[in-house]
């Protein structure tokens, strides 16, 4: 089912000089299964269909905890920026993913010790936020 059908949206007027509008019009014509990492990152940044983005992002993180559009770990970082009230329904699933990440992501997965430590700190902060909600 296409996103525009789920949210009962009409196709907007495409103004090609605006890349964000072009992306949005492309996005609403995709099936949920067609969403990629670029779409998810942009959806979270733009706060567009955020619940759908969270659900799909968790699925991506289960397969690859370092998923990102521009850099490793970007998707997790973007999820961390989302208002915790929006994550409430996925709290336990996300917590399980974060615990798995904490135990299985290794230093060898990163280019530097600093990147590894920053990622581990992010995971810890995210777990703390989830546990206090």
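Coordinate-derived values only; no laboratory data. These numbers come from a predicted model, not from an experiment. Cβ: placed from backbone, ideal geometry, glycine included. Neighbour counts: every protein chain shown.
Some observations on this one:
- Working from Cα pairs under 8 Å separated by at least six residues, relative contact order for the range 52-133 is 27 percent.
- Compared with the dominant principal axis of the Cα atoms in the chain, helix 50-63 is inclined by about 50°.
- With the simple model of a label 7 Å out from the Cα in the direction of the Cβ, residue 19 to residue 108 spans 3.7 nm.
- Packing-based ranking, highest mean first, of 109-117, 69-77 given that Cβ atoms within 10 Å are counted: 69-77, 109-117
- Ordered by the count of other Cβ atoms within 10 Å of each Cβ, fewest first, 92, 85 give 85, 92.
- Protection proxy ranking of 121-127, 41-47 - average other beta-carbon atoms within 10 Å, highest first: 41-47, 121-127
- Estimated [θ] at 222 nm from DSSP helical runs (n ≥ 4, -39500 (n - 2.57)) normalised by residues in the chain, nearest 500: -18500 deg cm²/dmol
- For the range 35-132, a/c is not less than 1.5, where a ≥ b ≥ c are the root eigenvalues of the C-alpha gyration tensor, and a/b does not top b/c. That puts it in the oblate class.
- Angle in degrees between helix 91-104 and the longest Cα principal axis of the chain, rounded to the nearest 10: 50
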